[in-house]
Amino acid sequence: MSSSRRSRPFFFVLAPAVALGLGSLFSFLAIGNLDRSSGASPALASGWTVKEASAFQEFPIYWVGDDFGGLPLRQIIRYEYAGDPTNTLYPTSEDSVTVEYGDCEIPPGAEGGCPIPLVIETDSYCDVPPERISDSVKTGPPVMLRGAQAQWMGDYHVRIWTGNVSIGIWGTNQQMVKDAAERLAGLNGSTPLRAGEELGPPQAMCAQRDWHWNNPPPEEPKTTS
Amino acid sequence: MVAPIPRWVYDSMLARALGIGAVAATSTAVAVIGWPHLTQAHLNPGGDTGKYTYREGSTCAMGASGSWVDPINVVFYGPDSGANYNRVASHASRGDHGGWGYHQGTTQYFLTHGWCRQRDQQSNSNCQGVGCLPLPPCQPQYHMRYLTGRTSSGSYDYDPSIGYYNLAAAHHEECSTCGHSVDDNNGSNSGGGFNMAREDIRENWVDSGYHPYGQTQYWDNKQHFLQCDGGTAWGSGEVMFVQIPSCGDYPPGTSCK
């Protein structure tokens, strides 16, 4: 057997390994670069740029600027989920724009992810209206927040209904969520809302939907053979 | 919320006796009053029970949201105390329920009535690790960790609306150079790994007709989770309730599977 022949198996083993290693190194460097993103033109993880989000016209998007208390803007996600029309149980569509702030670290050796420190999601009002929220997750009665209707769900999450949108805020402590709610500002539109201005009450008309009991027992259940 | 009993107290003989007594009293109440007519609410994801799993080593305490790992997106429930994690595992492993027949993975914790409890069991659809050779050591899979709800005394909790219940965090994950990552919600119409898994359970357990009376509740637990491959995954906030009654409790004419 010639030496070139002998080296082929090593090539087939080593080449993918080298490619994998380079890929990992590239990913590592790319993610590291994202951690440093800040300022007027942040290097976002993926998704929309601020400019792209600014041009969005379907509904107002809310955010807290390029940086929130040292947490840089990480990613702007335009998310549309059509639902599964073949599944009678989960046809629920999603139509949102989400702004993420900060980064987190997964402990070495651990499975699963880690929570992004601050997440602000703007949904179409009719996708997440107040009546959709299960009573079991509500913390206290609805409250007014900057003139808008709001509902706390634990200390780290509040949802706000204003105009034709529903805004969810998730943070790692209650004060962060409160501060973010106070600093919410419009990201798109010709005259976006400024931080501190009144958000105003919700103003949307939605078709009635059955949110909680959308799976009646089958009419013709299977019988035991 | 009732204050939790410290572990050292619970471990004492007296506490054990009290626990047994509580179970007996609950069973008697169920037998006398009937299911589901108890008076106190228990499955309360806004307080007594959490909406996410917690990282190992976490206390599940207030302020520990940085330890959240996965959203709870399925609740398995039934009228009898046998509707616990063992029954969930048994159903999950069935071929006509998706065949999630392995029990591999790291542990995570759930909050239930003051307890930060390690998951009772987990089910996954593919064998993982060197013990599965000649298969690759990492394979894409469905995976869920689950815990039977507990009272503050540690016995199985009974909710007046649904009976005994199991909180489950289900997801689909793919293999990357860093290990398993829950499927990113971006760039696909699958709805992401958390929703994919819930829908797989829906198809194989509920739509099949074996587990009637499923319902959904919107918990809005849509926190975004960074995965080790740099992707972001999140649930839709929708929690599916799947009934797992004992065979004797199925409606006449329906199958018991």
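Only the coordinates and a few stated rules stand behind these numbers; no lab work does. Here the structure is a predicted model, which means the values were calculated and not measured. Here the Cβ positions follow ideal geometry from the backbone for every residue, glycine too, while neighbour counts run over all protein chains shown.
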Problem set entry | Approximate spin-label separation A:THR191-B:ASN186, in nm, with each point projected 7 Å along Cα-to-Cβ | 3.4 nm
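Mind checking the mean number of beta-carbon atoms from other chains within 10 Å of the Cβ atoms in B:176-182? List each step's numbers first, then the result.
Values: counts 3, 6, 4, 5, 2, 4, 3.
Whole-number average of other-chain Cβ neighbours for B:176-182 is 4.
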Exercise. Using alpha-carbon positions, what is the distance between the centroids of the stretch A:45-69 and the stretch A:179-207, in Å?
Worked result: 13 Å
Exercise. On average over all directions, what projected area in square nanometres does the stretch A:81-213 have, based on the convex hull of its Cα atoms?
Worked result: 10.3 nm²
Seminar exercise, completed: Neighbour-count ranking for A:LYS178, B:LYS51, A:LYS51, A:LYS138 (other C-beta within 10 angstrom, fewest to most) reads A:LYS51, A:LYS178, A:LYS138, B:LYS51
Problem set entry | Size of electric dipole in the stretch B:45-175: Cβ of Lys, Arg +1 and of Asp, Glu -1, about Cα centre, debye, nearest 20 | 140 debye
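Find out how many positive minus negative residues lie around A:LEU118, taking Lys and Arg as positive, Asp and Glu as negative, among other residues whose Cβ is under 10 Å from that of A:LEU118. Could the numbers behind the result be given before it?
Details: positive: A:ARG74; negative: A:GLU100, A:ASP179.
That sum, taken over residues with Cβ under 10 Å, equals -1.
Sorting A:MET144, A:MET205 on the 10 Å Cβ count, fewest up front, what's the list? Each step should come with its number before you reach the end.
Details: A:MET144 11, A:MET205 7.
Starting with the residue having the fewest Cβ neighbours, the order is A:MET205, A:MET144.
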For this session: Determine which aspartates and glutamates satisfy two conditions relative to B:LYS51: a Cα distance under 15 Å, and not lying fewer than 8 residues away in the same chain.
Result: A:ASP135, A:ASP155, B:ASP70, B:ASP220, B:GLU238
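Work out how much length B:SER93 to B:LEU135 would gain on full extension: take 0.36 nm times their residue separation and subtract the Cα-Cα distance, in nm to one decimal. It would help to have the intermediate numbers written out before the result.
On the way: separation 42, 0.36 × 42 = 15.12 nm, distance 1.95 nm.
Extending this stretch completely gives an extra 13.2 nm.
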For this session: Rounded, prolate or oblate: pick one for the stretch A:158-214, where a ≥ b ≥ c are the square roots of the eigenvalues of its C-alpha gyration tensor, a/c under 1.5 means rounded, and failing that, prolate if a/b is larger than b/c, else oblate.
Result: oblate
Problem set entry | Neighbour-count ranking [beta-carbon atoms within 10 angstrom, fewest first] of A:VAL97, B:VAL74 | B:VAL74, A:VAL97
